[in-house]
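Student: Below are the structure tokens for one structure; questions will follow.
The values are calculated or read from the model by the stated rules, or taken from the named source; none is laboratory data. These numbers come from a predicted model, not from an experiment. Every residue, glycine as well, gets a Cβ built from its backbone with ideal geometry; the counts of neighbours run over all protein chains shown. Keep in mind that these areas ignore ligands, DNA and RNA; they rest on the heavy atoms of the full protein, side chains included. Shrake-Rupley method; radii C 1.70, N 1.55, O 1.52, S 1.80 Å.
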Amino acid sequence: MQSRPKRRSSRSLRLWIQKSSSRRRRLRHGDSVGIKVEEWRERESIIANERNKFGVKRDGILVVLATQEVEANTPKKLDAGALFVLKSEGSWLHCGYHLTTSIVAPALLSLPYALSLLGWFPGVICLIVSAMVTFYSYNLLSLVLEHHAHLGQRQLRFRDMARDILGPRWGRYFVGPIQFGLCYGAVIACILLGGQSLKYIFLLSSSRPETMKLYQFVIIFGVLMLVLAQIPSFHSLRHINLVSLVLCLAYSACATAGSIYIGNSMNAPKKDYSLNGSKQNRVFGSFNAISIIATTYGNGIIPEIQATIAPPVKGKMFKGLCVCYAVVLSTFFSVSISGYWAFGNQAKGTILLNFLVDEKPLLPTWILLMTNVFTFLQVSAVSVVYLQPTNEVLERKFVNAEINQFSVRNVVPRLVYRSLSVMIATTVAAMFPFFGDINALIGAFGCIPLDFILPMVLYNVVFKPSKYSFLFWGNTIIALIFSALGVLGAISSIRQIILDANTFSLFANV
């Protein structure tokens, strides 16, 4: 005899219907915020049923906890800085352009000098390790940002990450000031480098090179920056940064070809790869070289670049980093190895200085002229990229997010405060043309914490890998090693500033 199916009681049937409808609602509201809202409603019904058991006080506590949980996962209203400067409208390819411009800058022309302070084997090892660690750390930052975006809490700024993950004081008093100092210091250094490139162009093309001083070229470059600084948003730079990518490949190819040409010519300098100076100087020089390499690979604005990507962001940053590091590997290694091979321990602060001996070019003048023109154009794009965090802060303070971005109310303060920030940077660059020494110190205090240490810490705090796993200890060891290197690099940079202090003079024509 066939058994009859068991009939549900009326109470169990009602519960089954409620669970089914809840599942359907959750499928309709697939995002995490929608799920949290449905859970909150279920908790409200539970509270209502248990009112007589627990009383009003217990009821109120549960309601408050549920409300706080929903509010924590609800996207916050964007301020003017995030809304106007960090527009999320780009693709992964645009992200690759921004990353390339922020990392592959004319600072790479100082890599042969860094190798001259380390030697062949340690120098090449430092280049390889720095490339691997930064690619890895930038991916970790991207994963943390994607994780929060998936939860409905997309973070658009580095200080937002530190505030939400480590606490408000980390964002306000540590990450925010370090990032601002790093980016604004990079703007000052770029303006100085742009002025130096203009000066070299003038020296190569003029019959009376002594008629103009370096600070005048710095001011000319600052005027150009006044115009470029008014570009409204980070996303608006995508086409400029594509041109920048081509330009960095161009001047890197010119520098590599020039080094190889001079190294094989009759006027080639004697190749000596020994380390100069006393043992103490060599030790401090090696730490200074590590700071130079870390600064060259440094970025400091990964969250701001990822903020320009249109949602969904998953996987797009990795593609952008692959584009960037294809350029990084082809430029950094070719320039550094060819320059050190050609000039050995005589490599100067920038390899372009080795192409002139007693103001006489070792290369055809047109090659030097073309290289400096490419450098001048690309450094202007780099300057605008590193102005974006400053622009974002100013926009947040002085612009109204409730009205149109291009209204008179918003355009006037934008024009005034962006122009003022560029004028201050130009004045500092003209007054202190030895800013390269100070920038090495900024790199030690800025690039190493933001690019080599914090990504490991943030990943471990957010994803909580097992303390017995290789991932946890790998991240911890990288953070500890680079913390020590950052301190030693800062000490070395301060020592170098003290040694060079006697040669410093305001508005020097160097």
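Student: Considering the stretch 257-272 alone, what residues qualify as being over 12 Å from Asn354 (Cα atoms) and open to solvent by less than 70 Å² (accessible area, probe 1.4 Å)?
Tutor: Ala257, Ser265, Asp272
Student: Looking at the stretch 393-437, which of its residues are in a helix (DSSP H, G or I) and of a type in the set (Gly, Ala, Ser)? Give the steps one after another, and end with the answer.
Tutor: In the first step, residues of the stretch 393-437 are kept if they are in a helix (DSSP H, G or I); the result is 393-398, 408-431, 435-437.
Those that are in a helix (DSSP H, G or I) and of a type in the set (Gly, Ala, Ser): Ser419, Ser421, Ala425, Ala429, Ala430, Gly436.
Student: Out of all the residues in the stretch 347-363, is one or more open to solvent by 30 Å² or more (accessible area, probe 1.4 Å), among the charged types (D, E, K, R), within 30 Å of Ala80 (Cβ to Cβ) and free of Cβ contacts under 8 Å to residues at least 24 places away in the same chain? First the steps, then the outcome.
Tutor: Looking only at the stretch 347-363, we keep the residues that are open to solvent by 30 Å² or more (accessible area, probe 1.4 Å), and these are 348-350, 353, 356-362.
With among the charged types (D, E, K, R) added as a condition, the list becomes 348, 358-360.
Narrowing the set further to residues that are within 30 Å of Ala80 (Cβ to Cβ) leaves none.
No, the stretch 347-363 contains no residue that is open to solvent by 30 Å² or more (accessible area, probe 1.4 Å), among the charged types (D, E, K, R), within 30 Å of Ala80 (Cβ to Cβ) and free of Cβ contacts under 8 Å to residues at least 24 places away in the same chain.
Student: Residues being open to solvent by less than 40 Å² (accessible area, probe 1.4 Å) and in contact (Cβ under 8 Å) with a residue 24 or more places away in the chain: count how many of those fall in the stretch 460-477.
Tutor: 2
Student: Just give me the residues in the stretch 283-321 being part of a helix (DSSP H, G or I), open to solvent by 20 Å² or more (accessible area, probe 1.4 Å) and in contact with a Phe, Trp or Tyr (Cβ under 9 Å, 6 or more places away or on another chain), in sequence order.
Tutor: Ile292, Lys316, Phe318, Lys319
Student: Right, another one. Any residue that is under 30 Å from Gln346 (Cβ atoms), part of a helix (DSSP H, G or I) and within 14 Å of the chain's Cα centre (by Cα) - is there at least one of those in the stretch 118-129?
Tutor: Filtering the stretch 118-129 for residues under 30 Å from Gln346 (Cβ atoms) gives 118-129.
When the remaining residues are screened for being part of a helix (DSSP H, G or I), the result is 118, 120-129.
Applying the additional criterion that residues be within 14 Å of the chain's Cα centre (by Cα) yields none.
No, every residue in the stretch 118-129 fails to be under 30 Å from Gln346 (Cβ atoms), part of a helix (DSSP H, G or I) and within 14 Å of the chain's Cα centre (by Cα).
Student: Against the definition (closer than 30 Å to Ala80 by Cβ, touching a residue at least 60 places away in the same chain (Cβ under 8 Å) and out of contact with any strand residue (DSSP E or B) (no Cβ under 9 Å at 6 or more places or on another chain)), how does Asn288 come out, yes or no?
Tutor: Considered against the rule, which asks whether it is closer than 30 Å to Ala80 by Cβ, touching a residue at least 60 places away in the same chain (Cβ under 8 Å) and out of contact with any strand residue (DSSP E or B) (no Cβ under 9 Å at 6 or more places or on another chain), Asn288 comes out as no.
Student: Another question, if that's okay. Just checking, which of Val399, Val422 is under 25 Å from Ser233 (Cα atoms), within 25 Å of the chain's Cα centre (by Cα), open to solvent by less than 60 Å² (accessible area, probe 1.4 Å) and at pLDDT below 90?
Tutor: Working: Val422 fails: at pLDDT below 90.
Within the list Val399, Val422, the selection yields Val399.
Student: Return the pairs, sorted by first residue and then second, in which the second residue is in a loop (DSSP other than H, G, I, E, B) and open to solvent by less than 80 Å² (accessible area, probe 1.4 Å), the first residue lies in the stretch 406-418 and is of a type in the set (Phe, Trp, Tyr), the beta carbons are less than 8 Å apart, and the residues are 6+ apart or on different chains.
Tutor: Pairs found: Phe406/Pro232.
Student: How many residues are part of a helix (DSSP H, G or I), touching a Lys or Arg at 6+ places or on another chain (Cβ under 9 Å), crowded, with 17+ Cβ neighbours inside 10 Å and of a type in the set (Gly, Ala, Ser) when one looks only at the stretch 212-245?
Tutor: Of the residues in the stretch 212-245, 0 are part of a helix (DSSP H, G or I), touching a Lys or Arg at 6+ places or on another chain (Cβ under 9 Å), crowded, with 17+ Cβ neighbours inside 10 Å and of a type in the set (Gly, Ala, Ser).
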